[in-house]
Amino acid sequence: MNILKCRILNALAETPYTNQRNLASACDCSLGIVNRSLRDLVRDGYLTDDMALTQKAQEEFEEKAPRNAIILAAGFGMRMVPINLETPKAFLEVHGQTLIERLICQLREAGVREIHVVVGFMKEQFEYLMDEYNVNLIVNPEYDTKNNLHSLALASKHLGNSYIVPCDIWCKQNPFRRRELRSWYMVSESTKTHSQLRVNRNMELTTTPSGGNTLIGVSYILKEDAPEVCRRIREMDAQMKYDNAFWEDALYHKNQMILEARVAAAGDVVEINSYEQLRELDSGSAQLKSDTLELAASVLDVTVADITQITVLKKGMTNRSFLFTCKNRKYIMRIPGEGTDHLINRREEASVYHAICDRKICDQIVYINPENGYKITEFLEGARSCDPDNPQEVSDCMKRLRGFHALGLKVDHEFDIFQKIDFYESLWEGRPSAYRDYEKTKQRVLSLRPYIESHVTEKVLTHMDAVPDNFLFVKQENGGEEIRLIDWEYAAMQDPHVDIAMFCIYALYDRAQVEQVIDSYFVEGCPREIRIKIYCYIAACGLLWSNWCEYKRNLGVDFGEYSLRQYRYAKDYYKIVMQELEG
């Protein structure tokens with residue numbers, strides 16, 4: 001039975017037959033299609049001659065009726081910053097009702113009583129739903145490192161005559177029905193340039209370069225289709241390369257989805273991905289009250305309503321940040337990330353900004369709180385980060401870095417690499433390192449300290465995180481570019497040559513690239529003993545950031561290859577130093 005016949009049969013199950021014209025209007029199809037479809041349905045035994053449902057049709061509806069629902073609610077919802085620092089997206093309120101409670105109520109109205117909710121981020125907040133609505137909670141312990149493909153894999157044993165529902169949608173009308181005859185995936189009739197799926201005339205979802213239908217995420221999977229969908233989900237979930245995959249990625253076969261489309265009218269189902277979308281849907285939502293935005297408004301002497309176009313930037317390794325517009329000017333607000341209070345002294349950071357202000361070294365600071373690290377800076381329009389694979393840009397960054405070091409700026413605190421190695425290790429709270437030969441590696445790195453200290457000639461204000469991402473190329477009115485250095489959280493007094501090592505290890509450079517960076521900084525030539533000292537710093541800083549990564553991993557934040565490569569630098573460059581000294 002094709003989709004049009006299913007649509008007609010569903011319509012007749014809801015409303016008794018009157019005439020073909022009314023039926024065509026209800027099903028949004030032509031009179032000719034209705035006529036042919038009715039004839040086929042009578043012939044196949046689904047309708048009587050007077051267009052009433054037969055026993056066969058009733059049995060078909062019963063066999064394929066919805067049995068349960070799986071609501072995916074495990075993720076951070078990073079794009080909802082600053083809201084979701086305290087509230088999971090599922091509990092955003094629209095017109096006085098949370099998203100997840102509205103979805104549960106709509107499912108129950110459609111007769112669906114068995115509801116499974118996959119939780120992770122702030123999972124405790126969902127516990128009351130078990131008593132209030134008799135739902136079952138499925139905990140995804142890897143919500144912070146894997147996408148919702150893994151969440152659905154955990155619930156896949158329940159899949160069969162099931163609705164799959166994201167927790168971050170608001171449905172104006174109830175999208176769930178007591179009767180379903182086919183598996184489908186819901187899209188909106190509206191189109192977006194970034195969508196890569198379009199509904200064709202056969203109601204198939206086929207790939208398109210741009211301008212496809214907006215994906216909503218709600219789906220219905222029949223029991224007969226569930227085994228294939230489960231197989232695909234489980235196979236992908238078992239492979240690390242799909243850790244960041246959406247569950248919908250399992251539905252693709254060649255150039256289309258294996259499920260047909262169900263099209264929702266624009267505005268009937270709204271996915272809430274940002275503060276702005278929530279404000280547009282319900283300007284009175286309780287979740288729009290944000291201490292973070294109120295602080296920004298106070299600093300800029302405006303109202304919260306004046307803060308618009310809020311866009312979450314990529315989550316950094318230490319912080320979360322979002323971009324916003326206020327009175328035609330753009331700003332970035334930084335929110336310190338998990339465990340930051342153990343890692344960074346915000347008073348010391350504020351003193352660094354005081355030392356470099358008005359020198360056009362960094363971005364323009366509008367506000368910084370030395371107690372909690374909240375910071376507002378002016379957005380540098382058109383700025384781009386250094387491309388570590390572009391030798392000319394790297395050379396320009398080294399020239400800028402050397403110019404900064406030459407200023408000889410001073411602050412009252414120092415960044416002791418070896419003390420920090422021990423400090424980050426102490427934050428593991430007694431847990432052993434994930435690396436089996438950690439103690440051996442650490443002792444080898446520590447043995448480099450005397451050589452380093454005997455070759456330090458001067459300590460000045462040093463960035464300590466002078467990585468390619470923190471060098472911004474900013475366009476000037478005359479058409480040229482200048483380089484600004486951002487993110488000074490770790491800056492302190494230290495040997496400036498540490499910054500060269502930091503640049504190399506963050507960029508994951510090999511030995512040849514390291515040599516090129518050193519030569520770019522020392523245009524007049526680098527003395528051999530200084531070059532060896534930089535190798536020492538690469539080893540020491542590799543262990544430093546490896547220990548930092550291990551601390552963050554214990555908090556549930558994993559940096560993948562970066563952490564492994566840092567540990568590798570500690571080992572490899574110790575060997576390089578030994579070879580150089582022996583030679």
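The values are calculated or read from the model by the stated rules, or taken from the named source; none is laboratory data. Model, not experiment: these values are computed from the prediction. Virtual Cβ from ideal backbone geometry, glycine too; neighbours counted across all protein chains shown. The protein model used for the area step is the full one, side chains on, heavy atoms only, and it has no ligands, DNA or RNA in it. Shrake-Rupley method; radii C 1.70, N 1.55, O 1.52, S 1.80 Å.
Working only within segment 183-214, note down all residues that are among the charged types (D, E, K, R) and closer than 14 Å to residue 257 by Cα. Give the derivation first.
Start the filter on segment 183-214 by keeping residues that are among the charged types (D, E, K, R), which leaves 189, 192, 198, 201, 204.
198, 204, listed by residue number.
So residue 471 ticks every box in (1) touching a Cys at 6+ places or on another chain (Cβ under 6 Å); (2) surrounded by fewer than 21 Cβ atoms within 10 Å (Cβ to Cβ) but one. Which box is left unticked?
Condition (2) is where residue 471 drops out.
Tally up the residues in segment 221-260 that are among the acidic types (Asp, Glu), touching a helix residue (DSSP H, G or I) at 6+ places or on another chain (Cβ under 7 Å) and over 22 Å from residue 200 (Cβ atoms), please. Show your work before the answer.
Let us first name the residues in segment 221-260 that are among the acidic types (Asp, Glu), namely 224-225, 228, 235, 237, 243, 248-249, 260.
If we keep only those that are touching a helix residue (DSSP H, G or I) at 6+ places or on another chain (Cβ under 7 Å) too, we end up with 237, 249, 260.
Now narrow it down to the ones that are over 22 Å from residue 200 (Cβ atoms): 237.
So the answer is 1.
Any residue in segment 225-247 that is over 22 Å from residue 161 (Cα atoms) and in contact (Cβ under 8 Å) with a residue 12 or more places away in the chain sitting within a Cβ distance under 7 Å of a residue that is among the basic types (Lys, Arg) and open to solvent by less than 30 Å² (accessible area, probe 1.4 Å)? List the pairs, counting only those 6 or more apart or interchain.
Between residues of segment 225-247 that are over 22 Å from residue 161 (Cα atoms) and in contact (Cβ under 8 Å) with a residue 12 or more places away in the chain and residues that are among the basic types (Lys, Arg) and open to solvent by less than 30 Å² (accessible area, probe 1.4 Å), there is no close pair.
Just give me the residues in segment 292-313 being free of Cβ contacts under 8 Å to residues at least 12 places away in the same chain and within 19 Å of residue 92 (Cβ to Cβ), in sequence order.
Listed by number, the residues that qualify are 294, 305.
Please work out if residue 201 is out of contact with any Gly (no Cβ under 6 Å at 6 or more places or on another chain), open to solvent by 80 Å² or more (accessible area, probe 1.4 Å) and not in a strand (DSSP E or B). Even if it seems obvious, please write down each step before you answer.
On the way: out of contact with any Gly (no Cβ under 6 Å at 6 or more places or on another chain): yes; open to solvent by 80 Å² or more (accessible area, probe 1.4 Å): yes; not in a strand (DSSP E or B): yes.
Judged against the criteria, residue 201 is a match.
Would you point out which residue out of 20, 55 is modelled with pLDDT of 90 or more, open to solvent by 30 Å² or more (accessible area, probe 1.4 Å) and out of contact with any Ser or Thr (no Cβ under 6 Å at 6 or more places or on another chain)?
Values: 20 fails: modelled with pLDDT of 90 or more.
One residue alone meets the criteria, 55.
For the condition basic (Lys, Arg) and either open to solvent by less than 40 Å² (accessible area, probe 1.4 Å) or touching a residue at least 24 places away in the same chain (Cβ under 8 Å) (or both), what is the one hit in 440, 410?
Working: 440 fails: either open to solvent by less than 40 Å² (accessible area, probe 1.4 Å) or touching a residue at least 24 places away in the same chain (Cβ under 8 Å) (or both).
It is 410.
Go through segment 133-160 and count every residue that is under 17 Å from residue 218 (Cβ atoms), of a type outside the set (Gly, Ala, Ser) and in contact with a Phe, Trp or Tyr (Cβ under 8 Å, 6 or more places away or on another chain).
Qualifying residue count for the region: 3.
Kindly provide the set of residues from segment 438-479 that are touching a Leu at 6+ places or on another chain (Cβ under 8 Å) and closer than 24 Å to residue 379 by Cβ, ordered by number.
463, 466, 470, 471, 472, 474
Out of (1) within 26 Å of the chain's Cα centre (by Cα); (2) of a type in the set (Phe, Trp, Tyr); (3) crowded, with 19+ Cβ neighbours inside 10 Å, what's the single condition that is false for residue 246?
(3)
With respect to residue 495, is the statement that it is touching a Leu at 6+ places or on another chain (Cβ under 8 Å) and open to solvent by less than 40 Å² (accessible area, probe 1.4 Å) true?
Working: touching a Leu at 6+ places or on another chain (Cβ under 8 Å): no; open to solvent by less than 40 Å² (accessible area, probe 1.4 Å): yes.
Judged against the criteria, residue 495 is not a match.
Looking at segment 98-135 only, could you name the residues that are assigned to a strand (DSSP E or B) and within 26 Å of the chain's Cα centre (by Cα)? So that I can check it myself, show each step before the final result.
Filtering segment 98-135 for residues assigned to a strand (DSSP E or B) gives 98, 114-119.
Listed by number, the residues that qualify are 98, 116, 117, 118, 119.
Only residues in segment 1-13 that are hydrophobic (A, V, I, L, M, F, W, C) and at pLDDT below 85 count as the first member; pair them with residues that are open to solvent by less than 30 Å² (accessible area, probe 1.4 Å) and in a helix (DSSP H, G or I), Cβ under 9 angstrom, at least 6 apart or cross-chain, and list the lot.
Every condition considered, the pairs that remain are 1/9; 1/41; 4/27; 4/34; 4/37.
How many residues, within segment 148-168, are within 23 Å of residue 63 (Cα to Cα) and open to solvent by 10 Å² or more (accessible area, probe 1.4 Å)? Show your work before the answer.
Step one: filter segment 148-168 for residues within 23 Å of residue 63 (Cα to Cα), giving 155-165.
Narrowing the set further to residues that are open to solvent by 10 Å² or more (accessible area, probe 1.4 Å) leaves 157-160.
Residues in segment 148-168 being within 23 Å of residue 63 (Cα to Cα) and open to solvent by 10 Å² or more (accessible area, probe 1.4 Å): 4 in total.
Looking at 351, 385, which one is open to solvent by 40 Å² or more (accessible area, probe 1.4 Å), more than 30 Å from the chain's Cα centre (by Cα), within 29 Å of residue 555 (Cβ to Cβ) and not β-branched (Val, Ile, Thr)? Break it down into steps so the answer makes sense when it comes.
Working: 385 fails: more than 30 Å from the chain's Cα centre (by Cα).
It is 351.
Considering only segment 489-527, state which residues are over 28 Å from residue 425 (Cα atoms), assigned to a helix (DSSP H, G or I) and either hydrophobic (A, V, I, L, M, F, W, C) or in contact with an Asp or Glu (Cβ under 8 Å, 6 or more places away or on another chain) (or both). Can you show your working first?
Taking segment 489-527 as the starting set, the residues that turn out to be over 28 Å from residue 425 (Cα atoms) are 512-513, 515-527.
If we keep only those that are assigned to a helix (DSSP H, G or I) too, we end up with 512-513, 515-521.
If the condition is that a residue be over 28 Å from residue 425 (Cα atoms), assigned to a helix (DSSP H, G or I) and either hydrophobic (A, V, I, L, M, F, W, C) or in contact with an Asp or Glu (Cβ under 8 Å, 6 or more places away or on another chain) (or both), then 512, 517, 518 are the ones that fit.
To keep it simple, each residue is scored yes or no on (1) buried (at least 21 other Cβ atoms within 10 Å of the Cβ); (2) over 24 Å from residue 455 (Cα atoms); (3) small (Gly, Ala, Ser).
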site: 512; (1), (2), (3): no, no, yes
site: 522; (1), (2), (3): no, no, no
site: 525; (1), (2), (3): no, no, yes
site: 555; (1), (2), (3): no, yes, no
site: 566; (1), (2), (3): yes, no, no
